[in-house]
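Participant: Here it is, the structure, as structure tokens.
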Amino acid sequence: MRIVKSVHPLDWLAAGLLVCGLLLVATGLLPTGPAGDAMTRIGPLLVFLATAIVLAELTGRAQVFDAVAAWVARTGKGSYPLLFGLCVLFASVTTITLNLDTTAVLLTPVMLALSTRVGIAAVPLAMTTVWLANTASLLLPVSNLTNLLAADRVALSPVEMAATMWLPQLASILVTMACLWGFYWRRGRRGSESYIPPQPLRPADPVVFRVCALACVGFLVAILVADMPLWWASTAAALVVVGVFALRRRSELRLSLIPWRLMMLVPGMFLVVETVNANGLHDVLTAAVGSDGGLLGMLRSAGVGAGLSNVLNNLPAYLAGEAAVPVENKHQLLALLIGTNVGPLVTPWASLATLLWFERCRTHGTRIPLRRFMATGLVLAVTATLAATVQLALV
């Protein structure tokens, strides 16, 4: 009974979705062909999720994130407005140049370590990461997995996509900054006028610290320079980190490092969505999205993308929505992309970045009030999606 009570609600959700997905395949409601295609498509994604979380967890134990957090805090010089600007810039650049999942995995521990090192509230820093991991992912194909899925349909090079999406991206970030300051960072929320910058960190194990730091840098360089698939880069970096821990701190290598919740949740989620899509969702979405390539059609497309992402998840939501958008309406497809990138801020499962973020917060011991997370996320999702879509229409 005690074990049952200790299970997190998201664990029940993950197990339930996986069981439901398997039952749908077993009963024939989801044919084995689409089910196999879905599993093939998400295989590399699951490898990335598992290895990236192991990488982040062990790198955090090596105090790499504490060192980066101490540097950010010292650069802020005790000023909350300056610290806020640095955190927004850091999160936005990381998301745009890498991708939102990398931001959730590598930057969230930095922000949480920052709260510990400086002695300030963790929730404002954590919310900065999760919100900007989603809302700052519009500019480049690499910024979001949905952007990569859309690359063939929109037929835009990275430079052309940036030229098209820079104004929606700017609008999305500015709205996010306003909501972050109003809901989480202002004086009444953070609880103090200034903070005392910490001293530089001296790691307890310099060898493990340096190896883990180099592994993270190598991971980022592999994505940026070598154009290596995410799961290759994360697997290689994780193996290096696991290797150094096996040599020097073997007792810290445990099976609990693997994110079992996500390993159940993601396959179950895709199987359920594939079933729904095969049994009438496409017709509903086609009617909801419409065929208007103007502002009204773009707003409808963005709204459908945001709503469906929060009900299901933004990756399967984009795939389902893409099939409903007329091939010739490329701006309407970009609006759907805005909805599935900027809109998934209300439910914990709306994007994989949010799931990764919750996992990091849970490991750190930071409690995120779910009602407040959903209420403030709803405000940001509506306002940022609307602002970005209107700017896309202007472009």
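Bear in mind that the values in this text are calculations on the coordinates, not laboratory data. These numbers were taken from a predicted model, which means no experiment stands behind them. Cβ coordinates were reconstructed from backbone atoms using ideal geometry, including for glycine residues, and neighbour counts include every protein chain displayed.
Participant: Estimate the FRET efficiency between W260 and Q199 by the formula 1/(1 + (r/R0)^6), using the beta-carbon distance for r and 25 Å for R0, to the nearest 0.05.
Facilitator: Calculated value: 0.10.
Participant: Something else: Work out, step by step, the length gained on full extension between T286 and L89: first 0.36 nm times the residue separation, then minus their alpha carbon distance; give nm to one decimal.
Facilitator: Using 0.36 nm per residue and subtracting the Cα-Cα distance, I get 67.1 nm.
Participant: Then there's this: I'd like the orientation of helix 330-342 relative to the chain: the angle between its Cα long axis and the longest Cα principal axis, in ° from 0 to 90, rounded to 10.
Facilitator: 40
Participant: Based on alpha-carbon centroids, what's the gap between region 375-390 and region 73-133 in Å, whole number please?
Facilitator: 21
Participant: Mind sorting S256, S172 by how few other Cβ atoms lie within 10 Å of their own Cβ, fewest first?
Facilitator: S256, S172
Participant: I need the semi-axes of the equivalent ellipsoid of the chain: take the C-alpha gyration tensor, multiply each eigenvalue by 5, square-root it, list largest first in whole angstrom.
Facilitator: Semi-axes (√(5λ), whole Å): 33, 26, 20.
Participant: How do the peptides 330-343, 42-55 rank, highest first, by the average count of neighbouring beta carbon atoms within 10 Å per residue?
Facilitator: Put in order of decreasing packing, that is 330-343, 42-55.
Participant: On to the next question. Quote the relative contact order of region 210-274 in percent (integer), defining contacts as alpha-carbon pairs under 8 Å separated by 6+ residues.
Facilitator: That works out to 27 percent.
Participant: Now, a different point. Which FRET efficiency, nearest 0.05, do S79 and L253 yield, Cβ-Cβ r, R0 35 Å?
Facilitator: That pair, S79 with L253, gives E of 0.30.
Participant: Based solely on its DSSP helices, what 222 nm [θ] is calculated for the chain when runs of n ≥ 4 H residues each add -39,500 (n - 2.57) and the sum is averaged over all residues, nearest 500 deg cm²/dmol?
Facilitator: It lands at -24000 deg cm²/dmol.
Participant: Counting other Cβ atoms within 10 Å, keep those with at most 12, restrict to DSSP loop, and tell me which trypsin sites (Lys or Arg not before Pro) in region 332-395 are left.
Facilitator: Within region 332-395, the qualifying trypsin sites (Lys or Arg not before Pro) (loop, at most 12 other Cβ atoms within 10 Å) are R367.
Participant: Which listed residue (L247, L220, A288) has the Cα farthest towards the positive end of the charge dipole for the chain, taking +1 on Lys and Arg C-beta and -1 on Asp and Glu C-beta about the Cα centre?
Facilitator: L247
Participant: Right, here's the next one. Using the alpha-carbon centroid of each, what span in Å lies between region 229-253 and region 321-355?
Facilitator: Region 229-253 and region 321-355 have Cα centres separated by 33 Å.
Participant: Would you work out which of A113, T389, P34 lies farthest towards the positive end of the dipole of the chain? Charges go on Cβ: Lys and Arg +1, Asp and Glu -1.
Facilitator: Projecting each Cα onto the dipole axis, the largest value belongs to A113.
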